[in-house]
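For reference, the structure discussed in these notes is given below.
The values are calculated or read from the model by the stated rules, or taken from the named source; none is laboratory data. None of the values given here were measured: they were computed from a predicted structure. Neighbour counts run over all protein chains shown; Cβ positions are idealised from the backbone, glycine included.
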Amino acid sequence: MNAERVSEHIVNWLKNYAADARVNGFVVGISGGIDSAVTSTLCAKTGLKTICVEMPIHQAESQVSRGVEHINNLKATYNNVSSAKVDLTSTFEDFKNQTPTIENTTVLNLALANTRARLRMTTLYYIAGLNGLLVAGTGNKVEDFGVGFYTKYGDGGVDLSPIADLLKSEVYELARYLGVAKSIQTAQPTDGLFGDSRTDEDQIGASYDELEWAMSMVENEKTASDFKGRELEVFKIFTRLNSINQHKMLPIPVCEIKNSLK
């Protein structure tokens, strides 16, 4: 991949989209991860107003420190970048205290993890609304169109997706070109939604390199019968997640009513 050309293309795409939408710039949620770091840097390079937002909810200190380091680096380099911090921990706890619960902790913890993402989405849109900005998504191609590894109407609730046509490995290439902090480039990818140390690989059962391989195999019309061992295991993980998460990737179904019924 030619990182310079890809970077210039995305930056120009962002500027043109903002101009057509008649908005002033972008809001980006900063997690301390590679995707939000690359997305916010590309937004900053447009020269348009870019607000980087921290939204901790019982967040691990390592994630917070990486996010702060990245924001400080951007603000030191681009005078169009500003930041905001909205600590949503008490909001999250209030939500938990006011809503029903169940004994199945696995289901409960997943619902609460998705709630964290949806509280953050609401916060980003609030800040975007106050400033006439667009919410820039941080999902990559494997997450958004491969395994659907994001929260519907959470981190999946955005106005535009600058890096959603880049594989995770390509996001890392772009990060190196853009000079993203080494601490972020070397950190294990995690969504940070469970308040513990689990990584994306822990949750999915496969690394992003493995998922990219499986995605290419599906695109080349391979089937499970073509593989064995770990390759078969990864292929099954990818195809299962791709199947069950289609509801995230496809448009909302509309029940069409024929005129003859009206």
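Some notes on this structure:
- Any chance S183 is polar (S, T, N, Q), outside any loop (DSSP other than H, G, I, E, B) and under 23 Å from S82 (Cα atoms): yes
- All positions within region 248-258 that are surrounded by 10 or more Cβ atoms within 10 Å (Cβ to Cβ) and either basic (K, R) or within 18 Å of D202 (Cβ to Cβ) (or both): K248
- Subset of region 92-113 [surrounded by fewer than 17 Cβ atoms within 10 Å (Cβ to Cβ) and either closer than 16 Å to M55 by Cβ or touching a His at 6+ places or on another chain (Cβ under 8 Å) (or both)]: E93, D94, F95
- Among the conditions (1) of a type outside the set (D, E, K, R); (2) in contact with a strand residue (DSSP E or B) (Cβ under 9 Å, 6 or more places away or on another chain); (3) outside any loop (DSSP other than H, G, I, E, B), the only one that L211 does not satisfy is (2).
- Which listed residue, of E54, E61, is without any contact (Cβ under 8 Å) to a residue 60 or more places away in the chain, in contact with a Gly (Cβ under 6 Å, 6 or more places away or on another chain) and closer than 26 Å to S169 by Cα: E54
- Listed by first and then second residue, the pairs linking a residue in region 16-29 that is in contact (Cβ under 8 Å) with a residue 12 or more places away in the chain and polar (S, T, N, Q) to a residue that is assigned to a strand (DSSP E or B) and surrounded by 15 or more Cβ atoms within 10 Å (Cβ to Cβ), with Cβ atoms under 6 Å apart and 6 or more places separating them unless they lie on different chains, are N24/K49.
- Residue list for region 15-29, filter: more than 15 Å from G67 (Cβ to Cβ) and either touching a Lys or Arg at 6+ places or on another chain (Cβ under 7 Å) or crowded, with 24+ Cβ neighbours inside 10 Å (or both): N24, G25, F26
- Selection count, region 233-247, where residues are assigned to a helix (DSSP H, G or I), surrounded by 16 or more Cβ atoms within 10 Å (Cβ to Cβ) and under 19 Å from the mean Cα position of the chain (by Cα): 3
- All positions within region 114-125 that are surrounded by fewer than 18 Cβ atoms within 10 Å (Cβ to Cβ) and either hydroxyl-bearing (S, T, Y) or out of contact with any Gly (no Cβ under 9 Å at 6 or more places or on another chain) (or both): T122, Y125
- Any hit, region 160-175, residues being at negative phi, without any contact (Cβ under 8 Å) to a residue 24 or more places away in the chain, part of a helix (DSSP H, G or I) and touching a Ser or Thr at 6+ places or on another chain (Cβ under 7 Å): no
- Selected residue (only one of G67, G32 is surrounded by 15 or more Cβ atoms within 10 Å (Cβ to Cβ) and at positive phi): G32
- Scanning region 158-195 for residues that are surrounded by 20 or more Cβ atoms within 10 Å (Cβ to Cβ) and farther than 22 Å from S65 by Cα yields V158, P162, I163, L166, L167, K168.
- So A37, is it modelled with pLDDT of 95 or more and surrounded by 15 or more Cβ atoms within 10 Å (Cβ to Cβ): yes
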